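Please read the structure below before turning to the comments.
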Amino acid sequence: MNSMIKTLRLKILFQGIIFSFFLVFSGSLPVLAAEAPPARPPEFVLKLSAVAPEGTSWADTAHKFQKYVEQKSAGRIKVIWYLGGIMGDEPDEFLKIKMGQLQGAGLANVGLGMIATETRILSLPFLFNNSAEIDFVLDRMQPQFQRLFEEKGFYLAGWLDIGFSYWFLQKPVESIQDFPKCRMWAWKKDPVITEFAELLGFQNVPVGFPDLLMALKAGQLDSFYSPLYAALTLQWYAYAKYIIDLPFALPPSAIVMDRKFIESLPPDLRKIIMEGWDLYLPELRKISRVDNQKAYQGFLKEGIREIKLNEDNVKAIREKARPLYQKFIGQYYPAWLLTRLQDTLKEYRSKN
């Protein structure tokens with residue numbers, strides 16, 4: 001078994017055992033020493049959520065942020081993370097922030113699209129060629145996206161990078177003409193990619209995000225799309241025999257927070273939280289990109305076979321994506337945003 005995959009499995013298992021041991025025994029042992037005086041209660045509680053499970057790089061960074069904020073604030077802020085989908089999937093997290101049950105979450109394209117539909121523009125197939133382009137565009141256009149989120153009552157704390165999506169299959173394909181024989185996962189709350197899959201001829205099978213693993217086990221579908229490290233950590237890869245070597249779309253992801261909560265904080269505490277995100281999110285983006293590379297090699301070593309489509313097929317797939325850019329104007333994003341984004345990409349590409 002590939003070392004990265006084995007290490008991640010053991011890490012998740014070990015943490016689960018420790019957590020279970022704690023639940024069983026923490027309330028049953030006698031007190032052997034005098035109780036310490038009660039600590040001063042925190043002034044603010046920051047409850048955050050993510051579908052990322054414990055034992056992942058994402059979770060490790062979440063706990064680093066937690067420790068930083070609590071220490072720098074001298075306990076005035078208590079940070080609580082709900083990881084592994086405890087709070088539900090992204091639509092659930094979105095609603096819980098709106099209701100005040102959470103103050104923030106790590107969201108990807110579906111959750112971000114529920115807040116600001118304009119972010120769906122970042123999911124357009126073959127929009128970006130590499131990570132450098134992503135960083136350049138998101139840095140240059142941060143003010144525009146921040147304003148869009150603030151208008152909806154949210155604060156865009158910083159961008160994550162979960163990597164480009166790939167197609168995973170249980171049966172081989174040789175060309176785009178073979179796509180109709182694949183029963184592809186269709187997450188209806190991810191409309192850009194769902195419509196793209198339909199244009200390519202895949203048989204779209206609607207399945208919710210929390211139900212995908214069960215649907216794969218049951219044979220309800222035989223194909224899915226996912227960033228590499230996500231497919232590993234969520235165990236989806238175990239139901240794939242092939243991967244098409246064609247990264248085709250970026251699921252944008254970010255940390256978002258309730259704007260009312262942020263504005264309710266004293267300036268010094270608000271600064272600590274923002275410094276925490278600024279410190280750890282860039283580091284996490286770098287780690288995530290390495291994790292994705294390792295995951296791809298790990299899949300190949302685990303026996304998942306790589307499919308390389310010829311140039312004509314890649315060109316045909318790319319051409320299928322182009323009409324979507326104009327089609328979604330007015331539906332998800334305004335024309336000016338597409339123009340601004342494409343001009344920013346041209347600026348970067350002209351210099352690199």
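Considering the stretch 134-148, and only residues there that are in contact (Cβ under 8 Å) with a residue 60 or more places away in the chain and in contact with a helix residue (DSSP H, G or I) (Cβ under 6 Å, 6 or more places away or on another chain), the residue that is farthest from V290 (Cα to Cα) turns out to be R140. It is to be established whether one or more residues within the stretch 221-242 are surrounded by fewer than 22 Cβ atoms within 10 Å (Cβ to Cβ), touching a residue at least 40 places away in the same chain (Cβ under 8 Å), touching a Pro at 6+ places or on another chain (Cβ under 9 Å) and assigned to a loop (DSSP other than H, G, I, E, B). There is at least one residue in the stretch 221-242 that is surrounded by fewer than 22 Cβ atoms within 10 Å (Cβ to Cβ), touching a residue at least 40 places away in the same chain (Cβ under 8 Å), touching a Pro at 6+ places or on another chain (Cβ under 9 Å) and assigned to a loop (DSSP other than H, G, I, E, B). If you go through the stretch 122-138 and pick out every residue that is touching a strand residue (DSSP E or B) at 6+ places or on another chain (Cβ under 8 Å) and either surrounded by 23 or more Cβ atoms within 10 Å (Cβ to Cβ) or closer than 16 Å to P227 by Cα (or both), you end up with 5. Within the stretch 313-352, the set of residues being assigned to a helix (DSSP H, G or I) and within 17 Å of T194 (Cα to Cα) comprises I317, R318, E319, K320, A321, R322, P323, L324, Y325, Q326, K327. Looking at the structure I just gave you, is F128 more than 13 Å from the chain's Cα centre (by Cα) and either assigned by TED's automatic domain parsing to the domain that holds A321 or over 22 Å from K260 (Cα atoms) (or both)? So F128 passes the test. Looking only at residues that are in contact with a Ser or Thr (Cβ under 9 Å, 6 or more places away or on another chain) and assigned to a strand (DSSP E or B) in the stretch 243-257, which one is farthest from L221 (Cα to Cα)? So the residue we want is A254.
Sort through L216, L228, L221, L246 and tell me the only one that's in the same structural domain as P172 (by TED's automatic domain parsing), modelled with pLDDT of 95 or more, touching a Gly at 6+ places or on another chain (Cβ under 8 Å) and not β-branched (V, I, T). The conditions single out L228. Candidates are the residues of the stretch 83-121 that are β-branched (V, I, T) and in contact with a strand residue (DSSP E or B) (Cβ under 6 Å, 6 or more places away or on another chain); the one that is surrounded by the fewest Cβ atoms within 10 Å (Cβ to Cβ) is I115.
Filtering the stretch 149-183 to residues that are in a helix (DSSP H, G or I) and either touching a helix residue (DSSP H, G or I) at 6+ places or on another chain (Cβ under 8 Å) or on the phi > 0 side of the Ramachandran plot (or both) leaves F149, E150, I176, F179. Within the stretch 298-312, the residues that satisfy the criterion of being within 24 Å of the chain's Cα centre (by Cα) and either closer than 16 Å to G201 by Cβ or in a helix (DSSP H, G or I) (or both) are G298, F299, L300. When each of K346, K308, K286 is tested for being farther than 15 Å from I134 by Cα and among the charged types (D, E, K, R), the lone residue that passes is K308. Residues that are polar (S, T, N, Q) and part of a strand (DSSP E or B) were ranked within the stretch 193-218; the one that is nearest to the chain's Cα centre (by Cα) is N204.
Considering the stretch 219-231, the residues that are small (G, A, S) and closer than 13 Å to V51 by Cβ include one that is nearest to the chain's Cα centre (by Cα), namely A230.
The values are calculated or read from the model by the stated rules, or taken from the named source; none is laboratory data. All of these numbers come straight from a predicted model, not from anything done at the bench. Virtual Cβ from ideal backbone geometry, glycine too; neighbours counted across all protein chains shown.
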